[in-house]
Amino acid sequence: MHAILNSFNRDVSKLFDNFFREYNLATPFVELLVHIHEDEKLSQKELSERMNLAPSTITRFIHKLQKRGLVEKKMNGRMAYITLTEKGKNLVPDLISTYQKAEETLHKKLGEKFVHTTGQLLMHGSEQLKIKL
């Protein structure tokens with residue numbers, strides 16, 4: 001089961017990553033930027049929880065996006081928040097549009113019913129594993 005899920009995940013990631021090749025961004029970086037866009041500012045902990053990624057992974061992502069001039073850290077007392085730069089704010093609408101095109105392609109390739117059912121099953125399975133682990 002693990003091998004099948006890993007293979008499916010790699011194939012879906014490859015499909016999405018192909019859409020973002022022109023931006024030189026992998027899909028998780030795009031998703032992080034979209035999360036920040038939706039809330040204007042988020043802490044690294046909030047991003048880690050939302051994306052279900054290790055804090056160290058989020059730190060690495062943020063560092064790369066800072067180098068690209070897309071995000072910046074802003075301090076509010078002792079708390080650091082991640083915000084989009086102007087360059088990031090200008091880029092995110094294009095990324096959202098491209099993300100939607102990637103989702104449409106996935107739906108066309110796999111079928112609406114398959115995508116919907118698989119998504120529900122995976123969410124349920126993930127919730128059950130979190131409860132039992």
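Of G119, G111, G88, which has the largest mean-square fluctuation in a 10 Å C-alpha GNM of the chain?
G119
Note the angle between two axes, namely the Cα long axis of helix 112-132 and the longest principal axis of the Cα atoms of the chain, as a number of degrees from 0 to 90, rounded to the nearest 10.
70
Give me, ordered by chain and number, the residues 5 or more places off V71 or on other chains with an amide H under 5 Å from its own placed amide H.
Amide H neighbours of V71: Q66, T85.
Helix 86-110 sits at what angle to the longest principal axis of the chain, using alpha carbons and giving 0 to 90 degrees rounded to 10?
0
Note down the relative contact order for the chain as a percent, whole number, built from C-alpha pairs under 8 angstrom at least six residues apart.
Answer for the chain is 23 percent.
Given the options V34, V92, V115, which has the most mean-square fluctuation in a GNM of the chain, springs set between C-alpha atoms less than 10 angstrom apart?
Most flexible of the set in this elastic network: V115.
For the stretch 1-93, state which trypsin sites (Lys or Arg not before Pro) are in a DSSP loop and have at most 14 other beta carbons lying within 10 Å of their beta carbon.
Passing sites in the stretch 1-93 are R78.
Helix 2-19 sits at what angle to the longest principal axis of the chain, using alpha carbons and giving 0 to 90 degrees rounded to 10?
So the inclination is approximately 60 degrees.
Read the figures in this text as sums done on the coordinates, not as results from a lab. Just so it is clear, the model here is predicted, and its values are computed rather than measured. Every residue, glycine as well, gets a Cβ built from its backbone with ideal geometry; the counts of neighbours run over all protein chains shown.
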